[in-house]
Amino acid sequence: MDFVYNDRTRQLLDEVRGFMHEYVYPIEEEIYEFTHDPANLWVVPPQIEELKKKAHAKGLWNLFLPHEYEPYSPGLNNLEYAPLAEEMGRVNWAAEVFNCSAPDTGNMEVLARYGTPEHKKQWLEPLLAGEIRSSYLMTEPQVASSDATNIETSIVRDGDEYVINGRKWWSSCVFDPRNKIYILMGKTNPDADRHNQQSMILIPAGSEGFEIVRSLRVMNDPHSPQGHGEVRLTNVRVPVDNLLLGEGRGFEIAQGRLGPGRIHHCMRLIGAGQRALDIMCKRVEERVAFGRKLSVNSSIRQDIAKSRCDIEQGRLLTLWAADRLDREGNKVAKDAIAMIKIAIPRMVQEVADRAMQAHGGMGVCQDTPLPEIFSYARLVRLADGPDEVHMSQLGKLTIQQTLEG
């Protein structure tokens, strides 16, 4: 296996890195203060839209799309995109600047793969242009949604419309004022085979009967301006043409969407973990305690050494999974995706924790991005499927592969 970056990736990586240093890092603290001011709840920092224009003009745009989609995408594969996503992951909001942030990336891929020409014209093109945002509504509060067959939201046909009823939560980006479209997974036929009951449907923002019940904070952070919401759908009506691919195809679409979504999270988390280590190294070299620098302490050096090993291992595992995904597709590479989804968030959480400890009280306040890195890693241990589900599936698959020889 040779994961040396090709010339195209190296050039784009230099450009993304240069953009981050010139435009993103200098306003990182400013953006934090804006988004954590209660007066600005669910307000988009104006700097974000300005940076999006700059990134778009430089061609650093929609880098995640694993296929050509002219004129919006350079058509990188997952292996080429991985180091770029890693660089973006060093700042929690930076991916949006390059139009590479969740949940829009997964939703764009769904619309590109499964949408009709009308869907693409109305929703995909504005998403690709960064003009609007979107949400993905799958998880529900009443059931264990890590098993998607459990979902209860109903999608019932009534003439030329579908009527939708149910509750969803952890619906990311529903508070963003730029959000114009929701992709919802529900049941069209509860009596069908358990993997053919579900369907996916498009719900325009502002539809009658769609109610945001409350905000769900991540470790008491609202994640403004996007946020995560609990929503109630009461007799929401949409045209039958808003159904994606056909009745009973929702589980198939979900599996296609979640593979790339999981690997994108892990790519960004590698960057977040690397930044935590970088911050730790600088801190321990500058800080003096009991008459000497923290960096001379054996325990500190051990934490740094372990963190570097962990990050390098995680990076290689993620590149290997990206290569598998490119060559074999979601279904065949599902073991690789499960491995990184189990290993990377936990690893970054531990690296961030070591860095926080080395900072003392400073490590748990707003003076560094370490708390945000820690909470992002902790969140991803649940997002797109909890650790336990991936470990159960990977364990089962490993036994099967072993017995098959």
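Points to keep in mind about this one:
- If only residues of the range 56-93 that are over 30 Å from N242 (Cα atoms) and of a type in the set (D, E, K, R) are counted, the one that is surrounded by the fewest Cβ atoms within 10 Å (Cβ to Cβ) is K58.
- Sub-9 Å Cβ pairs linking a first residue in the range 125-146 that is assigned to a helix (DSSP H, G or I) to a second residue that is crowded, with 21+ Cβ neighbours inside 10 Å and of a type in the set (D, E), at least 6 apart or interchain, are L127/D104, ordered by first then second residue.
- Listing of helices (runs of 4 or more DSSP H) fully contained in the range 288-390 that carry 1 or more residues being in contact with a Cys (Cβ under 7 Å, 6 or more places away or on another chain): 298-332, 334-359
- Residue list for the range 128-163, filter: hydrophobic (A, V, I, L, M, F, W, C) and over 21 Å from R249 (Cβ atoms): L128, A129, I132, A144
- Screening the range 351-385 for residues that are acidic (D, E) and touching a helix residue (DSSP H, G or I) at 6+ places or on another chain (Cβ under 7 Å) and picking the one that is surrounded by the most Cβ atoms within 10 Å (Cβ to Cβ) gives D384.
- The residue pairs whose first member lies in the range 385-405 and is in contact (Cβ under 8 Å) with a residue 12 or more places away in the chain, whose second member is in a helix (DSSP H, G or I) and β-branched (V, I, T), and whose beta carbons are closer than 6 Å, counting only pairs six or more residues apart or on different chains, are D387/I342; H390/I342; M391/I342.
- Residues of the range 191-211 that turn out to be closer than 22 Å to N150 by Cα and either touching a residue at least 24 places away in the same chain (Cβ under 8 Å) or not assigned by TED's automatic domain parsing to the domain that holds T149 (or both), as a count: 12
- Filter result (surrounded by fewer than 19 Cβ atoms within 10 Å (Cβ to Cβ) and either free of Cβ contacts under 8 Å to residues at least 12 places away in the same chain or not in a loop (DSSP other than H, G, I, E, B) (or both)) within the range 147-158: T149, N150, S154, V156, R157, D158
- Scanning the range 55-64 for residues that are in a loop (DSSP other than H, G, I, E, B) and more than 15 Å from P126 (Cβ to Cβ) yields K58, G59, L60, L63, F64.
- The residue that is farthest from the chain's Cα centre (by Cα), counting only those in the range 159-178 that are surrounded by 22 or more Cβ atoms within 10 Å (Cβ to Cβ) and part of a strand (DSSP E or B), is Y162.
- Listed by first and then second residue, the pairs with beta-carbon distance under 9 Å, at least 6 apart or on different chains, first residue in the range 347-358 and on the phi < 0 side of the Ramachandran plot and assigned by TED's automatic domain parsing to the domain that holds M280, second of a type in the set (V, I, T) and outside any helix (DSSP H, G or I), are A355/T368; M356/T368.
- The range 386-405, subset in contact with a helix residue (DSSP H, G or I) (Cβ under 7 Å, 6 or more places away or on another chain) and surrounded by fewer than 19 Cβ atoms within 10 Å (Cβ to Cβ), residue farthest from E140 (Cα to Cα): L397
- Qualifying residues in the range 94-121 (those that are part of a helix (DSSP H, G or I) and free of Cβ contacts under 8 Å to residues at least 12 places away in the same chain) - the one surrounded by the most Cβ atoms within 10 Å (Cβ to Cβ): K120
- Here L243 passes the criteria (1) within 20 Å of G106 (Cα to Cα); (2) in the same structural domain as I337 (by TED's automatic domain parsing); (3) among the hydrophobic types (A, V, I, L, M, F, W, C) except the one numbered (2).
- Residue satisfying condition, being in a loop (DSSP other than H, G, I, E, B) and at pLDDT 95 or above, within set S224, S199: S224
- Within the range 214-225, residues that are in contact (Cβ under 8 Å) with a residue 24 or more places away in the chain reach partners that are small (G, A, S) with beta carbons closer than 7 Å, at six or more positions or on different chains, in the pairs S215/G227; S215/G229; L216/G229; V218/S375; M219/S375; D221/S375; P222/S215.
- Residues considered: I344, I253, I270, I340. Of these, the only one that is touching a strand residue (DSSP E or B) at 6+ places or on another chain (Cβ under 8 Å) and either in the same structural domain as T398 (by TED's automatic domain parsing) or of a type outside the set (G, A, S) (or both) is I253.
- Qualifying residue in the range 65-87 (condition: out of contact with any Gly (no Cβ under 8 Å at 6 or more places or on another chain), closer than 19 Å to F175 by Cα and assigned to a loop (DSSP other than H, G, I, E, B)): no
The values are calculated or read from the model by the stated rules, or taken from the named source; none is laboratory data. Predicted, not measured: the structure shown is a model, and the values here were computed from it. Glycine also receives a Cβ, built like all others from the backbone with ideal geometry; neighbour counts cover every protein chain displayed.
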